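Note sheet for the following structure.
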Amino acid sequence: MTSSNPLAEPPPAMTDPALAAVLQDGWGLAPARLQRVASEGDITARVDDGYFLKVSNPAISPELIDLEIKAMAHLARYCDVEIPRTVPASNGDLMRTIKGDDGRCSFARLITRVSGTALEGTPITIDRAEAIGVLAARINRGLAGFFHPAAGRDVDWDPRYASRLYGRDPALDLSALSELAERVADLPERTAALPSAVQHGDLTLTNLLADRGPVVEGAAIAVVDFGDMNHSADVCDLAIALNSVLRNTSEARAEGTWALARAVIDGYQSIRPLSPDEIDVLGELVLARLLVTVVITRQRASVAGVDQIYAGQWEASSRTLLRELAALSQDELASAFHGIAGTRRSPRRRGQRPPGSGELRSRRASALGGGISPLFYRQPLAIDRGAGTWLYDRDGVAYLDAYNNVAVVGHANPAVTAAVTEQLRVLNTHSRYLHPGIVELAERLVATLPPELDSCLFTPSGTEANELAWRFATEYTGGDGAIIAEHAYHGSTRWMTDLSSNEWPEGYVPGAVATIKAPTGADDPVTEAQAAERVVAAAETLHRRGHKPALVLVDPGFTSEGIRDAPAAYLRGIAAGARQVNALFLADEVQSGYGRSGTHFWRHAAADFTPDIVTIGKPMGAGYPIGATITSREIMDRLAARYEYFSTFAGTAVAAAAANAVLDVITERSLVTAAGTIGQQLRDGIRGLADRHSMLGEVRGTGLICGVDLFPAETRAPKPLAVQFLESLKRNRVLAGLTGPQGTVLKIRPPLIWTSEHVTHFLDTLESTVVQAGIEH
Ligand SMILES: Cc1ncc(COP(=O)(O)O)c(C=O)c1O
């Protein structure tokens, strides 16, 4: 009578000639050499150099062997790990029923031998530990989609049930471990909601085979012995691998426990990130597996026919590690693993409130220089998270985002988040190594522009994109002066602040900068020639001050001028004017470009002309810092004749991943067209409101950007009223901005994923805010 528990059932009884007969009958093999290897509960014999014959413990059912065979085939196909192959018998069967010398029946299989030797007993270096972590994650990933009905079984080795196993055999004297058994008793509960799948269940050094010696990057570790598989939490396989590495039976221990643990977890997370919930239980699972090892070792000691040396080989090392880890409390152990894995929970998630807004505000004021970096709103918002076009404060209050163009494809866009995190896990270096991401991005950007603009360099910001453009212009033209619009903004460095007339303190005019008037609309019907004339006049101003123009630069949407609908003639005219004064023309598309204009990817393209240089920043990486300067090879070569360009954070592999993902989303969701349609709906709606409410004036914009003159009839204090209006919008949970020379233009510049529903929500809120303001005014 055989039992159903392989741990209680003696191994099959078969002589070598009987094994040879099995091979002959089943597979037609007559091996020259048949050599048994140590194995627990079954017979494993090496057949010449190429195979192993496995005769399972009589307690193992055919369903379980089928599970092993199918799991191995699945992993061999879907996982980048070396796995033994099952060799079909002459009749095609993958397993054969055989009778042992004592009459008990078992199943025999032939599997191929994989290369390498078992790592048990070898010193585990940091590199090796990391490779084992990688392997554990690969196995988890590889088995994620695998199902087999036989996997839904209890396996004594499963660390989740250590406590139950401990209590099952009261005859064993294990009282010294009772506290530990109690400590891990809640593991089934704590792992119940964790990601789970069929696990290998025995990823120990005994079952991991590799070439001895230094670990060569990418060198394979093969995995054998699939006899303990069951459905369990993914983190169990990691705990088992970790347990084996840390317990390391090698006499020469190369590294300490925590250095090895870090390496295994780093390796694992390079393939599959761990959640804080998984890390919470990891240390306890390692402890539980150690408890299992000690208990099972004791149990096996009482079973006849078991190889006692083999079965008992881990007891001493397990007890040593057990003492080390169990000296830490549950919290301490979890904290140590969180520290290693980088999954330490934020104080908030542990139930503590973050600092109050008032406290944070005063700390910010003292640590961040006070007035130099002001916040939005009288009562600044503490925004906790964003999703799509909504921003949420710490109390979970949702605000419609009608302001942020950086989140061009929506806050926390999953495609961008995935691209950034995946790339961060692999590599993030600068652009001095060959990397396909950045090359692909440059190609995609130049493909959006006419053929003359064929060269692209990356920067970490819009400011630096403009600074680089300035270097191109001065080198190419020999000039030293710039022409900008009257209320321009082009960046935050010393020189870009000089090129930002909007930022100039009262009475300040940099000598090397002259301004042109932006078109103000229907009352300023400027022709191409008149626009060119404005540039020529500005160039004369520069000449009079002893400067020669190098660059004419404008935001083609004239956003900081109050969002002006510059006619095509005006834009073409100032570009022509730049040529007449031997300066280059830069379209600063940082605010207006990247699909926002609705008809074209770039705002200037609607005017059908080609600038000498185009710059971009803000939306490019959806918040991951990246900007670009795009120009002709001729202009770039002029700078290259005397200088090199390099900026550490410009065009890193992660920045490129973010920017490529943003372009993908813009294309896949047809956001350029959407910006046109939704922007028009928005303006039409606001014009409808403006017809009824005199506090809304002219409505302007191209695509999904909109400027509305607030309090157009007010001459005394329109700015404070506009600020108050913006505050009221915020109270009504819509976030917009103000722009224009007097700061009285309501600026609506939302993520491009806005739909008609968002427009309706915005219009409803705008109207109720207008009505409230009318009552208060
Ligand atoms: C038109 C324009 N150019 C340049 C910049 C500067 O970009 P960054 O803040 O990334 O340096 C801005 C930023 O608001 C901008 O609006």
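Details
- Residue count for the stretch 488-512 under the criterion of being over 36 Å from the mean Cα position of the chain (by Cα), over 20 Å from GLY740 (Cβ atoms) and within 15 Å of the ligand (Cβ to nearest atom): the result is 1.
- Some residue of the stretch 472-487 being assigned to a helix (DSSP H, G or I) and within 13 Å of the ligand (Cβ to nearest atom): no
- Among residues of the stretch 438-471, those that are outside any helix (DSSP H, G or I), away from the ligand (no atom under 16 Å from the Cβ) and closer than 20 Å to SER592 by Cβ, counted: 6
- Residues that are in contact with a strand residue (DSSP E or B) (Cβ under 7 Å, 6 or more places away or on another chain) and closer than 15 Å to PHE147 by Cα, drawn from the stretch 34-72: ILE65, ILE69, ALA71, MET72
- VAL708 satisfies every condition listed in (1) β-branched (Val, Ile, Thr); (2) under 25 Å from the mean Cα position of the chain (by Cα); (3) buried (at least 24 other Cβ atoms within 10 Å of the Cβ) except (2).
- Residue match in the stretch 547-557 (condition: surrounded by fewer than 23 Cβ atoms within 10 Å (Cβ to Cβ) and away from the ligand (no atom under 16 Å from the Cβ)): yes
- Hits in the stretch 384-404 (condition: outside any strand (DSSP E or B) and at pLDDT 95 or above): THR389, VAL397, ALA402, TYR403, ASN404
- Among the residues making up the stretch 24-53, those that are under 24 Å from ASP228 (Cα atoms) and surrounded by fewer than 12 Cβ atoms within 10 Å (Cβ to Cβ) are VAL37, ALA38.
- Options ASP612, ASP565: the member that is away from the ligand (no atom under 16 Å from the Cβ) and out of contact with any Pro (no Cβ under 8 Å at 6 or more places or on another chain): ASP612
- Matching residues in the stretch 391-405 - criterion: being of a type outside the set (S, T, N, Q) and buried (at least 17 other Cβ atoms within 10 Å of the Cβ): LEU391, TYR399, LEU400, ASP401, ALA402, TYR403
- Considering only residues in the stretch 568-595 that are charged (D, E, K, R) and under 17 Å from ALA488 (Cβ atoms), the one that is nearest to the ligand (Cβ to nearest atom) turns out to be ASP588.
- Residue match in the stretch 108-123 (condition: free of Cβ contacts under 8 Å to residues at least 24 places away in the same chain and either surrounded by fewer than 13 Cβ atoms within 10 Å (Cβ to Cβ) or under 47 Å from the mean Cα position of the chain (by Cα) (or both)): no
- Hits in the stretch 423-437 - residues which are surrounded by 13 or more Cβ atoms within 10 Å (Cβ to Cβ) and part of a helix (DSSP H, G or I): GLN423, LEU424, ARG425, GLY437
- Answer from ASP48, ASP66 - the residue that is under 18 Å from ALA21 (Cα atoms) and charged (D, E, K, R): ASP48
- You will find that of ALA661, ALA628, ALA657, ALA674, the residue that is within 16 Å of the ligand (Cβ to nearest atom) and aliphatic (A, V, I, L, M) is ALA628 and no other.
- Residue in the stretch 151-167 that is touching a Ser or Thr at 6+ places or on another chain (Cβ under 6 Å), part of a loop (DSSP other than H, G, I, E, B) and surrounded by fewer than 23 Cβ atoms within 10 Å (Cβ to Cβ) present: no
- Sole residue being in contact with a helix residue (DSSP H, G or I) (Cβ under 6 Å, 6 or more places away or on another chain), under 24 Å from ALA607 (Cα atoms) and not small (Gly, Ala, Ser), chosen from LEU729, LEU763, LEU752: LEU752
- Which listed residue, of ASP266, ASP237, is closer than 18 Å to LEU287 by Cβ and acidic (Asp, Glu): ASP237
- Restricting the stretch 520-540 to residues that are farther than 19 Å from ALA575 by Cβ and more than 47 Å from the chain's Cα centre (by Cα), the residue that is modelled with the highest pLDDT: ASP523
- 2 or more residues at pLDDT 90 or above and surrounded by fewer than 21 Cβ atoms within 10 Å (Cβ to Cβ): qualifying helices (runs of 4 or more DSSP H) within the stretch 263-353: 276-301, 315-326, 330-341
- A single entry from HIS490, HIS547 fulfils the requirement of being out of contact with any Pro (no Cβ under 6 Å at 6 or more places or on another chain), in contact (Cβ under 8 Å) with a residue 12 or more places away in the chain, in a loop (DSSP other than H, G, I, E, B) and farther than 25 Å from SER592 by Cβ: HIS547.
- For beta carbons closer than 9 Å, sequence separation of 6+ or different chains, a first residue in the stretch 583-606 that is under 10 Å from GLY617 (Cα atoms) and a second that is more than 12 Å from the ligand (Cβ to nearest atom) and acidic (Asp, Glu), there are no qualifying pairs.
- Within the stretch 513-538, the set of residues being surrounded by fewer than 22 Cβ atoms within 10 Å (Cβ to Cβ), within 16 Å of the ligand (Cβ to nearest atom) and of a type outside the set (Val, Ile, Thr) is empty.
- Residue in the stretch 752-773 that is at pLDDT 95 or above, outside any helix (DSSP H, G or I) and in contact with a strand residue (DSSP E or B) (Cβ under 8 Å, 6 or more places away or on another chain) present: yes
- Test: residue in the stretch 523-534 that is without any contact (Cβ under 8 Å) to a residue 60 or more places away in the chain and within 23 Å of GLY743 (Cα to Cα): yes
- Subset tally (residues that are in contact with a helix residue (DSSP H, G or I) (Cβ under 8 Å, 6 or more places away or on another chain) and either under 15 Å from ARG289 (Cα atoms) or not acidic (Asp, Glu) (or both)) for the stretch 159-177: 11
- Residues of the stretch 151-180 that are touching a Lys or Arg at 6+ places or on another chain (Cβ under 9 Å) and hydrophobic (A, V, I, L, M, F, W, C): TRP157, ALA162, LEU172, LEU174.
- The condition of being out of contact with any Pro (no Cβ under 9 Å at 6 or more places or on another chain) and either assigned to a helix (DSSP H, G or I) or not hydroxyl-bearing (Ser, Thr, Tyr) (or both) holds for only one of LEU704, LEU689, that being LEU689.
The values are calculated or read from the model by the stated rules, or taken from the named source; none is laboratory data. From a predicted model like this one, the values you see are computed outputs, not experimental measurements. Every residue, glycine as well, gets a Cβ built from its backbone with ideal geometry; the counts of neighbours run over all protein chains shown.
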